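Working notes, structure below.
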Amino acid sequence: MGLVRTAAGNAVWLDANKTSPYDFYQYWRNVGDADVLKCIRMLTFLPLSQIEEMAKWEGSQLNQAKEILAYELTKMVHGTEEADKAQNAARAVFSAGAAADMPSTEIPADALTDGEIGILTLMVQCGLAKSNGEARRLVQQGGVFLGEEKVTDPARAVTAEELKAGAVIRKGKKVFHKAVLA
């Protein structure tokens, strides 16, 4: 298991102001199959008998082990209420694509120019990329979606109407974020 990194490449912080409980949960939910049991053993207080039972799990059962790991660590760091919220939001986003439960950012109207904001700037404002350059690379590599549409043009603008409706940005396969006009 290497250095702990979020999808954006930043360290995972214990401070909710630096890594939200949802992002913290998602990091641990997405740990590699080979590392999940090692993390459960080292980082949780689950009974050894339960962990030994999990060691027999394969395939889709490993996803359940990852959920347990993510929940237990989020509960330990951020409390039961935040762990419940993060788990429910993740399940809603990935099972039903529920935009209401995913992390969101309010975009102030003065951030728009002529009723639009560039996708690169929007990604930076939502914390999906550290810079316009990083956002551009993500778009060029085919890793950015706006709703169901793959963003292929780094010059793509997102309109005020799209933001009013709640523009869902997906980075890679698993990072969802909603941008809304404030």
Can you tell me which condition T159 does not meet? The list is (1) closer than 27 Å to W28 by Cα; (2) at pLDDT 90 or above, and all the others hold. (1)
Would you confirm, using the coordinates I've provided, whether A129 is under 20 Å from L46 (Cα atoms) and crowded, with 19+ Cβ neighbours inside 10 Å? no
Say whether the condition of being more than 24 Å from K18 (Cα to Cα) and touching a residue at least 24 places away in the same chain (Cβ under 8 Å) is met by at least one residue in segment 77-84. no
Pick from L122, L112, L43, L69: which is of a type outside the set (D, E, K, R), over 23 Å from V12 (Cα atoms) and either modelled with pLDDT under 95 or out of contact with any Lys or Arg (no Cβ under 6 Å at 6 or more places or on another chain) (or both)? L112
Suppose we keep only residues that are in contact with a helix residue (DSSP H, G or I) (Cβ under 7 Å, 6 or more places away or on another chain) and over 16 Å from T113 (Cβ atoms) within segment 155-173. Which one would you say is surrounded by the fewest Cβ atoms within 10 Å (Cβ to Cβ)? G166
Within segment 28-61, work out how many residues are buried (at least 17 other Cβ atoms within 10 Å of the Cβ), under 24 Å from the mean Cα position of the chain (by Cα) and hydrophobic (A, V, I, L, M, F, W, C). 6
Exactly one condition in (1) touching an Asp or Glu at 6+ places or on another chain (Cβ under 8 Å); (2) buried (at least 17 other Cβ atoms within 10 Å of the Cβ); (3) among the polar types (S, T, N, Q) is not met by N88; state its number. (2)
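To keep it simple, each residue is scored yes or no on (1) under 27 Å from G127 (Cα atoms); (2) polar (S, T, N, Q).
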{"site": "V31", "(1), (2)": "yes, no"}
{"site": "R41", "(1), (2)": "no, no"}
{"site": "S49", "(1), (2)": "no, yes"}
{"site": "Q61", "(1), (2)": "no, yes"}
Hey, I117 hits all of (1) modelled with pLDDT of 95 or more; (2) among the aliphatic types (A, V, I, L, M); (3) not assigned by TED's automatic domain parsing to the domain that holds S131 but one; which does it fall short on? (3)
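The values are calculated or read from the model by the stated rules, or taken from the named source; none is laboratory data. The model shown is predicted, which means the values in this text are computed figures rather than measured ones. As a convention, Cβ positions derive from the backbone with ideal geometry for all residues, glycine included, and neighbour counts pool all protein chains shown.
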